[in-house]
Amino acid sequence: MTPVQSQHGGRVFGYARVSGDNQADNTSLPHQAECIRAWAKARGLSVDDVTKDVASGRTLERPGLNALRADLRSGDVVVVYKLDRLSRSVVDADPLITAWEQQGVSVFSVTEPLETGTAMGRAMYRMVLVFAQAEREVIQERVSAGRARNAREGGFNGSPVPFGYRLGGEGEPCLVPEPAEAECVHRLFTL
């Protein structure tokens, strides 16, 4: 009997999340689900279900996570590829995992050797979450700085192209007037 079985004996659920459809292969939903199932199999367990979300880790309001939360009961186990798949915010993740622990649900990470059912595991997961949150904030800073630089240089940052313009091609400004639409805009302005 493995430690997971002897301590819990409940159902085993996986949870996988990516921020967008174009995530790198090593964090894709199928890859996370495969790793979660392999982790469970290595411990003599089978995964009842792997819940998946394509959503930001900034909030806990996600359809898959909400469904998982509603389905959990005492003795169940939640397995994630990495803890930051639950959340990249200490403020969100800590109460979530604490509530699960109080409910009798344990959380395991495939890639991080910790379990939230022990004092040391809880301390370690909080440290992991601090670094995940810092990583998210560094990424946000880089993206903001890149967009600001791009705007200063006359670049286009991906908002919807305004009526009357089209995206410029190689060697053109980022937005180029679209003659037929620009004429309509000019006429509306004049009227």
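Values computed for the structure shown
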{"item": "Between helix 119-152 and the chain: long-axis angle, C-alpha atoms, 0 to 90°, nearest 10", "result": "10 degrees"}
{"item": "FRET efficiency for Met120 and Phe163, using Cβ-Cβ distance with R0 set to 45 Å, rounded to 0.05", "result": "0.15"}
{"item": "Extension reserve of the Glu153-Ala134 stretch, reckoned as 0.36 nm per residue once the Cα distance is removed", "result": "4.0 nm"}
{"item": "Angle in degrees between helix 179-190 and the longest Cα principal axis of the chain, rounded to the nearest 10", "result": "80 degrees"}
{"item": "Relative counts (whole %) of C-alpha pair distances in the chain, using bins that are 5 Å wide", "result": "1, 7, 13, 16, 15, 10, 7, 6, 6, 6, 5, 4, 2, 1, 0, 0, 0"}
{"item": "Residues with amide H under 5 Å from that of Asp49, placed H, sequence gap 5 or more", "result": "Gly14"}
{"item": "Efficiency of FRET from Cβ geometry, Asp71 and Met127, R₀ 22 Å, rounded to 0.05", "result": "0.15"}
{"item": "The chain, relative contact order [Cα under 8 Å, separation at least 6], %", "result": "16 percent"}
{"item": "Rounded to 10°, Cα long-axis angle of helix 29-42 versus longest principal axis of the chain", "result": "10 degrees"}
{"item": "Among Pro113, Pro173, Pro63: highest mean-square fluctuation, GNM of the chain, C-alpha pairs under 10 Å", "result": "Pro173"}
{"item": "Calculated FRET value between Glu34 and Glu170, using beta carbons and R₀ = 41 Å, to 0.05", "result": "0.50"}
{"item": "Expected 222 nm ellipticity per residue - DSSP helices of 4 or more, -39500 (n - 2.57), all of the chain, to 500", "result": "-15000 deg cm²/dmol"}
{"item": "Table column - 3J(HN,Hα) (Hz), segment 73-81, Karplus curve with 6.51, -1.76, 1.60, x for Gly and Pro", "result": "9, 3, x, 6, 10, 10, 10, 10, 5"}
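Values in this text are rule-based calculations from the coordinates and carry no lab data. Worth saying up front: this structure is predicted, and the values here are computed from it rather than measured. Positions of Cβ are backbone-derived with ideal geometry, glycine not excepted, and every protein chain shown enters the neighbour counts.
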